[in-house]
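To start, the structure under review is shown below, and the notes come after it.
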Number of protein chains: 2
Amino acid sequence: MSTTTATADDGLVVTERTRLRRMREKGSHRRADLDAVLAAGFLCHLGVTVDGTTMVVPTAYGVDGDRLYLHGSVASRSLVQAPDATVCVTVTHVDGLVLARSVFEHGVNYRCAMVYGVPRLVTDPEEKLRGLRALTEQSSPGQWEYVRQPSRKELAATSVLALDLTEASVKTRSGPPDDGDSEDAALGLWAGVLPVVTTFGEPVTDPALPADFSPPAHIASRAGSPADAAR
Amino acid sequence: MSTTTATADDGLVVTERTRLRRMREKGSHRRADLDAVLAAGFLCHLGVTVDGTTMVVPTAYGVDGDRLYLHGSVASRSLVQAPDATVCVTVTHVDGLVLARSVFEHGVNYRCAMVYGVPRLVTDPEEKLRGLRALTEQSSPGQWEYVRQPSRKELAATSVLALDLTEASVKTRSGPPDDGDSEDAALGLWAGVLPVVTTFGEPVTDPALPADFSPPAHIASRAGSPADAAR
């Protein structure tokens, strides 16, 4: 893993809260690294403080250019109260268990992005549609055009928030345990990595449909492919 | 999915912040449901407010009885500054993409637990070892006995936090899309679920070892098994 610091070209601003304090060798502020982690997922953990309590809520996200979009019911506490406060959006992919020769050296191989910012409630109807399209296509490419798009009433019932991709950091760990050349190597124990593999399974047709109703190609083609890699 | 409310037997206290406001049909305050979600994972997202900023940090956890344990370097900002403040620990398993006939009805099948509380810094040496054992065995059953256990120096470099499993809620969604009997059914589109399957792969031996060094049974036996089911 390489150590990088932000430059003007990187597009990410290094601030007191994104400065990488620990495990520096695993950190990056490069925009390309951020894009790669975000492109590989569709679910984030949104951290927001509501009425003095920190909540961590799993929710879908979408990326369109320099913005990350979140959505939710207009009745949702965590989303609607989020604007005007800084939130943290974390996207994590688990790649494996790092099994070392000592408990202390155990760890996880992962890719993680943390994005900070004050989300903006999207009010422009065109941007709202663009945000919802990004959210839909992030998890399910092809669905925006295949299914019925939102009605005026559905749009009114949905809040869309935009977060600029400016203040963020990426951390990754990959590879074998770090104690291969330590004195623990003399213990003669097995060490290595137990991979965690996330894939899409075979599509399950809605029981309300005929059992022989085949999914369209943009869905059927995903079976067996990684669910945590760029689409 | 069933709707339940907490009783004395359930062991979980329903408070203003764990009361299920939305999607009630997917919520539970039953201790058994909480245990099932926690037992199926090893990585949580810890939400903590440090210096006024909410951070969401992926980190390992372990469960021992009525307590959830977290650990980290004594130099870690998010962990060491966590005590005395309420944190939120969220564990999420993604089970599938819910592909409906309209964008609006799209969703995710998931199991999610949120635990709130003020973590306690573990100072008792015996409990500290018990917490680290729970953390190790949560992801890697059998490793605590197989590998070298923590030295005095390593214990001193590690913070262990305990969080009581008293204030928590569980949300789940499973099954097909909800619009099978809506007027959108007349669109004649395919709908259903694209499962997300998380499994352990074949163990990868540390390159520092001979290539024919086979992993012990407690590791080798996990290849191909679900990585998000109770172990």
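The numbers here are math on the coordinates, done by the rules we state, and not lab data. Computed from a predicted model, the values in this text were never measured in an experiment. All Cβ positions, even for glycine, are placed from backbone atoms using ideal geometry, and neighbour counts span all protein chains on display.
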Selection from B:27, B:138, B:47, by position along the positive dipole direction of chain B (Cβ): B:47
In nm, spacing of pseudo-spin labels at residue B:157 and residue A:166 (7 Å Cα→C-beta vector): 3.9 nm
Shape category assigned to the stretch B:78-151 from the gyration tensor of Cα positions, a/c cut at 1.5: oblate
Label-zone membership for the stretch B:23-58, site residue B:14, 7 angstrom Cα→C-beta point, backbone N under 12 Å: B:24-25, B:27-30
Cα pair distances of the stretch A:113-177 binned at 10 Å [whole percent]: 17, 38, 27, 13, 5, 0
Residue A:108 long-range amide H proximity, modeled H, under 5 Å: A:98
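If Lys and Arg each add +1 and Asp and Glu each add -1, what is the summed charge of the other residues whose beta carbon sits under 11 Å from the beta carbon of residue A:222?
On the way: positive: A:231; negative: A:202.
Around residue A:222, the charge tally is 0.
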Under-5 Å amide H pairs with residue B:160, H placed in peptide plane, nonlocal only: B:122
Qualifying aspartates and glutamates (Cα of each under 20 Å from Cα of residue B:128; at least 8 residues distant if same chain): A:105, B:64, B:66, B:84, B:137, B:145, B:154, B:164
Derived scalar couplings ³J(HN,Hα) [the stretch A:111-126; Karplus, 6.51 cos²θ - 1.76 cosθ + 1.60; whole Hz; x for Gly, Pro]: 10, 9, 10, 10, 10, 10, x, 9, x, 10, 6, 7, 10, 5, x, 5
Charge context of residue A:40, other residues only, Cβ under 10 angstrom, K/R +1, D/E -1: 0
Lysines whose Cα lies under 19 Å from that of residue B:171, excluding same-chain neighbours fewer than 8 positions away: B:26
Position residue A:185, label points 7 Å along Cα→Cβ, spacing to each other copy in nm (shortest first, one decimal): 6.5
For the stretch B:125-184 and the stretch A:96-165, distance of Cα centres in Å: 25 Å
Loop chymotrypsin sites (Phe, Trp or Tyr not before Pro), the stretch A:175-231 (other Cβ atoms within 10 Å of the site Cβ: 14 or fewer; DSSP): A:213
Long-range HN-HN contacts of residue A:196 with modeled amide H, under 5 Å: A:96, A:97, B:201
